[in-house]
Every structure is written in structure tokens, then in C-alpha cells.
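Heads up: the structure comes next, in C-alpha cells.
The values are calculated or read from the model by the stated rules, or taken from the named source; none is laboratory data. All values derive from a computational prediction rather than experimental measurement. Note: ideal-geometry Cβ built from the backbone for every residue, glycine included; neighbour counts use all protein chains shown.
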Amino acid sequence: MARRSIYVALFAACLALSLWHGQAVQAKQPGAWVTYDRAIADLTWVAEQGEFRSELSGTFSLRAPEEFSFAYQESNLSLRRIRGYRNFTATQFQAQTAYGYGGYPLFELWKAYFWPLTQIHQEPLVFVAAERLAHRDVDRYYLESDPRKVVWIDQQTNIPLLIMEGEQASLSVTNYRFDSGDTQQYRYVELELGGEGVSGKLTLWWGDFAAWVPVEMVITEGNLTNTLTFRNWELHTDQVGDLSILKTLEWEISLGETAYNLGQWEDVIASFSKVVDIDPYYLPGYFFLAHAFYFMDNYFGAVENLQQGLMLQPDNALLLNNLAYIYMERRVNLGEAVRMAEQAVAQSRRAVYLDTLGYGYFLLGQYDLAQAILEEALAAVDESVSAESRGEIELHLEMVYHALEGD
């Protein structure tokens, strides 16, 4: 009985130790140092590249992590507002709206250089040790999925003060300041940013609203330097506005591209018809629609959308080539088709463009020209040319050889 009591006591002690150890490890997991997801600030944005310099002052607003707006006055006092959702943007100016699909530089800077630092605590971090860094108590972690990435996080604020990726520091603390009379909570932190082809500085401020906000970001990429200066932060509110149209664009483009890859042509038409209804200037939409109509044997639908695209960009080589080839297949407008094919080849002597032009010369009975162009097309075939396209080039060349033999 005594031995059993000893075993029970040892078991209880081990259980208590394991529970304490688990709690200690859990306590070492860093918390969030930014807890707001909506905010507004006055912003001055200066971009400098060589002798070029631009400066915009306006109102910046965010709904984290991927919804933004920036509004500023033009020199004529007209208001320009840019709203962003992921890589989609809507610019409103003088009652007109223009859409963009490659992001907006201001929003991309925020997403690339500030927001990821606020999400360090969400990464799979493994605690290593409590240490001292720059006269601060910090906890050292490494990234479970990449042990070469090591992070030192301030115990008091949860702000990362040093991030090493191998032997390269992508972030390091350079300075921090206390307000006079308060040495318990520092109010300003300066962090140096680094990376391949990138350098910069991020200055954070502990505001009177008891939260950390950026007051300055200086980012240099190559010979371009962007300086963002923030003032008058308001938290837990925003002026981003309604982004439902941008979300619809993203959704329909994603659906349409997926349907295109699967050869589901009716779904391609349904999605991209909605896209160009919203944004009649979205050039890729007309390409996708034309392609879908073509494979559904809808000649007029294909031609109409290629023509719509060319109205937006008359020198687009791909649209010129595709419309020319459709005319040639139908044996209509051959003179115009060859002129369009010549325009496409003048921009790029790709094998498929050369094939269209050579085939056009063949249809016009200009066999010597057709032979020279199609032989060049065959020689230009590389890994980017599909087996089907190569087969068409070879077929057209055989047709030319046969015609020349007949002469």
C-alpha cells in the first residue's frame, strides 16, 4: 500500500509538472501587437525616382487585410478616390469610374511592408529562449516551416525587433524612445527593413488611443523611394466604402478563367459577359469571350468580341492575329485579314503569327511569299508552341508546296 501511495504521488507530481510545462510554453506564444482592423489617417505620399518627384496628400483608410481607399484632391480641386480590394481597384474621378487589375502602389506598400509584421504571431513559431536585445527583454523563436527564419519579439509590446533569414536581417530595431516622465512604455520604435533589392525604415508610435500605428514608412526599391507619412489616426472606423463591385469582378474573373481552363465555354461566356458589363474596358474579357464563342462555332460572337477588343487596343497583336485567322477560315475579308496579320507579325515574329500570315498569302495565291513565311514559322517553333499549332503550320506548308508543284 505504501509503495502504491508513492507511485500515486509521483504520478501526480509528473502530471502537475507536465501541465505547468505546457502552460509555460503556451505563455511564450506571442500575442498580437496590432488589434484593430479598421482605421483612417491623413497621409502624405512622396515618390522619388532620379529627378522625378511626386507628392500626394489625402485620406487613407483600411479594412484589414485587403480593403483600402485613398482620396485626394487634384490641382483643379476635383476629388480622386481609389478603392482597392486585393489586386482590384476602382478609381472615381469627375463622375467616371476606371477599374484596375494590378493593384495600387500605395496599398501594395502597406500589404508588403507593414501588415505582414502585424501577423507574425499567426505564423507557426517555435519558442527557443528568453533573451536580451537592444536593452529589451525579448523572446526568440524560429519558424517551424523554415528554421532559418528566426524572430526576436519584444516581451512587453509583442513587436518583432529582429528578424533573421539565414544571415540576412530583414528587420532590425534601430531606435526607441520614451516620453518624458514615462519609462515603462516606450512610445516610438524605429525599425530598419531590408531584403533583396529593398531597404527602408518603419517608425511606429504608441498613440493616445493605446495602440501602435505607423507614422512613417520609407521604402526604397531599386532607384524608387516611397515615403509615407501618417497623421491623425482614427481606429475602429473606416471610409473604404462599398467594394461589392470589385468583389464581383474578382469572383467572375476567377470563375471565368477556371471555366476557360476546363473548356466550359458557356460558363466562360456567362462570367466574362458580366465582367465587361461592369468594365467595358477590360481587354482580356473580350479575348476570353471570343475564344469561347469560337469553340462554340459562333462565328459572329467571336468576331464581335475581337472587334470590341481592337477598338480598345487597335495594335494588339494577339487580337489582330486571331481575327485575321477567323476571316481566313471563313474565306471572307481576305485583304483585310492579311493586313491585320502583317500588323501582328510586324510586332512579333512568333510562329503562330507567321503561320497566320503565311496562310493568308496562300489564300491570296501568293505562294512564294507564303512559302518563305511558313518556313520561317516552322523554324520559329519552340516549346511554347503546342503540338496542334505545329501541326497546322506543317499542314499549311504542305498546301503551299502542293500548290507550287501544280504551278
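Annotations
- Residue ranges of helices (runs of 4 or more DSSP H) in the range 293-407 with at least 3 members under 24 Å from TYR260 (Cβ atoms) and touching a Ser or Thr at 6+ places or on another chain (Cβ under 6 Å): 317-330
- Residues being loosely packed, with under 14 Cβ neighbours inside 10 Å and either of a type outside the set (Gly, Ala, Ser) or in contact with a His (Cβ under 8 Å, 6 or more places away or on another chain) (or both) - total across the range 127-144: 5
- In the range 91-129, residue farthest from GLU67 (Cα to Cα) [restricted to those that are part of a strand (DSSP E or B) and touching a residue at least 60 places away in the same chain (Cβ under 8 Å)]: PHE127
- Boolean, ARG231 is modelled with pLDDT of 95 or more, loosely packed, with under 15 Cβ neighbours inside 10 Å and part of a strand (DSSP E or B): yes
- Single unsatisfied condition, PRO147 versus (1) crowded, with 18+ Cβ neighbours inside 10 Å; (2) more than 25 Å from the chain's Cα centre (by Cα); (3) farther than 17 Å from ALA134 by Cα: (1)
Here's the yes/no breakdown for (1) of a type in the set (A, V, I, L, M); (2) within 19 Å of MET217 (Cβ to Cβ):
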{"residue": "GLN122", "(1), (2)": "no, no"}
{"residue": "VAL126", "(1), (2)": "yes, no"}
{"residue": "LYS149", "(1), (2)": "no, no"}
{"residue": "ASN158", "(1), (2)": "no, no"}
{"residue": "LEU161", "(1), (2)": "yes, yes"}
{"residue": "TYR176", "(1), (2)": "no, yes"}
{"residue": "GLY195", "(1), (2)": "no, yes"}
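- Failed item in (1) under 27 Å from the mean Cα position of the chain (by Cα); (2) farther than 30 Å from SER254 by Cβ, with HIS135 passing the rest: (1)
- Residues in the range 143-157 that are assigned to a loop (DSSP other than H, G, I, E, B) and of a type in the set (Asp, Glu): GLU144 alone.
- Annotation note: Cβ proximity below 9 Å between a residue of the range 383-407 that is without any contact (Cβ under 8 Å) to a residue 60 or more places away in the chain and a residue that is surrounded by 14 or more Cβ atoms within 10 Å (Cβ to Cβ) and among the polar types (S, T, N, Q) (sequence gap 6+ or interchain) occurs for LEU397/GLN371; VAL400/GLN371; TYR401/GLN371; LEU404/GLN371.
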